[in-house]
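A quick write-up on the structure given underneath.
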């Protein structure tokens, strides 16, 4: 995550193939934790909601109305929920310039 720039995502496959993608900050609508039912259990994944791209237009002003795709982070590692919550809070501070409301509410 690069403040005021965006997110660089690198995926390395078992075959050795590497895929890299950069998502500019202005296209990231939110960073959320999603529950997924997988093989009769619930897992949690961190996802980026990516809004419009350079060539799209005519969207509503609401940031979720512009969602074009969902990008799953940490696909192969599946961190625990507590870890995802920490990463999500920090990502929102860096990418979305949000204040740390969690600490304000808990009295820390």
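The values are calculated or read from the model by the stated rules, or taken from the named source; none is laboratory data. Just so you know, these numbers come straight off a predicted model, no measurement behind them. Neighbour counts are summed over all protein chains in view; Cβ atoms, including those assigned to glycine, are modelled from backbone coordinates with ideal geometry.
For the range 1-32, how many residues meet the condition of being closer than 20 Å to residue 68 by Cβ and in a strand (DSSP E or B)? Going through the range 1-32 one residue at a time, the tally reaches 16.
Take residue 61 and decide whether it is farther than 23 Å from residue 20 by Cβ, modelled with pLDDT under 80 and surrounded by 12 or more Cβ atoms within 10 Å (Cβ to Cβ).
Numbers: farther than 23 Å from residue 20 by Cβ: yes; modelled with pLDDT under 80: yes; surrounded by 12 or more Cβ atoms within 10 Å (Cβ to Cβ): no.
No; evaluated as a whole, the condition is false for this residue.
Scanning the range 33-40 turns up no residue that is within 13 Å of the chain's Cα centre (by Cα), under 14 Å from residue 95 (Cα atoms) and either assigned to a strand (DSSP E or B) or modelled with pLDDT under 90 (or both). Name the single residue, out of those in the range 75-104 being at pLDDT below 90 and closer than 22 Å to residue 41 by Cα, that is surrounded by the most Cβ atoms within 10 Å (Cβ to Cβ). Step by step, filter the range 75-104, then rank; the result is 78.
Of the residues that make up the range 47-58, is at least one in a strand (DSSP E or B), in contact with a helix residue (DSSP H, G or I) (Cβ under 6 Å, 6 or more places away or on another chain), closer than 27 Å to residue 13 by Cβ and at pLDDT 85 or above?
Going through the range 47-58, the residues in a strand (DSSP E or B) turn out to be 47-50.
So of that shortlist, the ones also in contact with a helix residue (DSSP H, G or I) (Cβ under 6 Å, 6 or more places away or on another chain) come out as 50.
Now restrict to residues that are closer than 27 Å to residue 13 by Cβ: 50.
Narrowing further to those that are at pLDDT 85 or above: 50.
Yes, the range 47-58 contains a residue that is in a strand (DSSP E or B), in contact with a helix residue (DSSP H, G or I) (Cβ under 6 Å, 6 or more places away or on another chain), closer than 27 Å to residue 13 by Cβ and at pLDDT 85 or above.
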